[in-house]
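The next block holds one structure in the form of C-alpha cells; read it before the comments.
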Amino acid sequence: MSAGHVVIPLGLLYMRRLQRWFIRLRIDPVRQRRRMVCVPPSVGLDLTYWKNPHILSVGVPLGRVTSHTSVFTDASLSGWGGTCMSQAVGGQWPPHMSLHINALELLAVWRVIQHFAPLLWNHHVMIRTDNKTAAAYINRQGGVRSAQLLDTARRLLCWARTHMLSIRAVYIPGELNRGADLMSKGGPRQGDWSLHPELVSQVWSRFGTAEVDLFAAPGNAQCALWFSLRRQNHPPLGVDAFAHRPWPRVLLYAFPPIPLIPWFLDRVQEERLVEVLIAPERTGVSWFPCMQRMLSGCCWTGNWPIAR
C-alpha cells in the first residue's frame, strides 16, 4: 500500500485511518512481529476501498499541471471567506462552533470551493491559504495527528475528486490573503469599497478627471485630495466632508456609504456643485428620483467591478 498509493486515487487518504490505528497499537516490529490484531470496522472500510478492482484499475493522471485556477481562502473564529476570479464569498459559523482553528481553515476551503463549484468544474485548482496545517492536510491527503482534521480533509478531498481535475494547496503570508481574510470577518464595511482602477480610468475619460474624493481612505482614494470619515486615516482635506463648508468648486468624486447619499444630494443641490457620483441603481428608494432629476446628461449603468 505504501508503495502503490501514488497510483491509486486518494490512495494515501484511504491509508490514514489505518496508520492512526496502527500507531496507537505501539507494536514493536521486531519483538511483536507475530502479534495478531483485530481490525476495527472503521479501518476495514478503507481496506475495502483498496480491494475494489475498479479503484485499482482506474489510475491517476501523470505529468505536471501547467495551469490552474487559484482560490484564496481564510477562516476566523467567527466566520469564513474566500475569493476566486475577482468574486468573493463569506459566511459566519453556526453559534457555539467549537472546532480548532486548523479544522475551521479546512472547512473554510471546502465551503469556498463548493460555492465556486461552477467556476472550478473540471479545472486544476490551487488553494492559497495562510494556514500551513490546512495546506499540508490537502497536499498530503490528510494526516495522523488529528482525527478531526483528518475527517474534515477526507470530506473535502472526496468532494473535490468528483468536481475537479485536481486540488493542491500552497501557503501564502497573511498580507497576501487580505481579500479572503476580510470576507472571513464579515466582509468590508461600506466605506471600504472602491471601483476597480481600470473602471476609474474609464470614468475619467467619460466625465473628466475629478480633483477631490469626498469619501475615501488611504487604500481607496481616487484623487490626490480627499476627505475621510476616520481621523486615523489622516486625510489631506480633513475628517468628514459634511463638516466642511463650502466644498471645493472643482469636479468632485463621491462613492459614499449608501445611508449618506440623501445628505450628499442635498449638499450638491444647495451649493450647485458638479460631481461624479457612484451609487447603486435602487429605483425604489426615496433619494433615487432626486438623483435622476440632478443628472446632467445620461447616467452610466452596468455591473461594475468593485475592489477593496
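The values are calculated or read from the model by the stated rules, or taken from the named source; none is laboratory data. Because the structure is predicted, anything quoted here is derived from the model rather than measured. Positions of Cβ are generated from backbone atoms using ideal geometry, with glycine treated the same way; all protein chains shown enter the neighbour counts.
Considering only region 237-262, state which residues are under 32 Å from the mean Cα position of the chain (by Cα) and surrounded by 12 or more Cβ atoms within 10 Å (Cβ to Cβ).
Scanning region 237-262 gives VAL239, ASP240, TYR253, ALA254, PHE255, PRO256, PRO257, ILE258, LEU260, ILE261.
Among all residue pairs at least 6 apart or on different chains, which show Cβ distances below 9 Å where the first residue, located in region 223-235, is among the aliphatic types (A, V, I, L, M) and the second is part of a strand (DSSP E or B)?
ALA224/VAL212; ALA224/ASP213; LEU225/VAL212; LEU225/ASP213; LEU229/PHE215; LEU229/ALA216; LEU229/VAL239
Working carefully through the options GLY179, GLY174, GLY142, find the one that is buried (at least 18 other Cβ atoms within 10 Å of the Cβ) and out of contact with any strand residue (DSSP E or B) (no Cβ under 7 Å at 6 or more places or on another chain). Spell out how you get there, then give the answer.
Working: GLY179 fails: out of contact with any strand residue (DSSP E or B) (no Cβ under 7 Å at 6 or more places or on another chain); GLY174 fails: buried (at least 18 other Cβ atoms within 10 Å of the Cβ).
Going through GLY179, GLY174, GLY142 in turn, the sole match is GLY142.
Test each condition in (1) surrounded by 12 or more Cβ atoms within 10 Å (Cβ to Cβ); (2) under 28 Å from the mean Cα position of the chain (by Cα); (3) farther than 25 Å from ILE172 by Cα for GLY90 and report the one that comes out false.
The single condition GLY90 does not satisfy is (3).
Residues of region 92-108 being at pLDDT below 90 and of a type in the set (A, V, I, L, M), which ones?
If the condition is that a residue be at pLDDT below 90 and of a type in the set (A, V, I, L, M), then MET97, LEU99 are the ones that fit.
For region 78-150, which strands (runs of 3 or more DSSP E) that fit wholly inside it have 2 or more residues that are under 27 Å from VAL7 (Cβ atoms)? So that I can check it myself, show each step before the final result.
On the way: elements: 79-84, 87-92, 124-129.
Filter on region 78-150 gives 124-129.
Write out, first by first residue and then by second, each pair whose Cβ atoms fall under 9 Å of each other, whose residues are 6+ apart or on separate chains, and whose first residue, in region 155-176, is farther than 16 Å from THR83 by Cα and assigned by TED's automatic domain parsing to the domain that holds HIS124 while the second is among the basic types (Lys, Arg) and buried (at least 17 other Cβ atoms within 10 Å of the Cβ).
none
Determine whether ILE101 is on the phi < 0 side of the Ramachandran plot and buried (at least 18 other Cβ atoms within 10 Å of the Cβ).
So ILE101 fails the test.
Given the criteria surrounded by 15 or more Cβ atoms within 10 Å (Cβ to Cβ), in contact (Cβ under 8 Å) with a residue 12 or more places away in the chain and closer than 24 Å to LEU77 by Cα, does ILE127 qualify?
Judged against the criteria, ILE127 is a match.
Can you name the residue in region 145-163 that is surrounded by fewer than 18 Cβ atoms within 10 Å (Cβ to Cβ) and of a type in the set (A, V, I, L, M, F, W, C) and is also nearest to HIS115 (Cα to Cα) among such residues?
So the residue we want is TRP159.
Restricting to region 8-44, count the residues that are part of a loop (DSSP other than H, G, I, E, B), in contact with a helix residue (DSSP H, G or I) (Cβ under 8 Å, 6 or more places away or on another chain) and over 30 Å from LEU62 (Cβ atoms).
3
Taking the residues in region 203-236 that are surrounded by 14 or more Cβ atoms within 10 Å (Cβ to Cβ) and polar (S, T, N, Q) as candidates, determine which candidate is nearest to PHE264 (Cα to Cα).
Only one residue tops the list, namely SER228.
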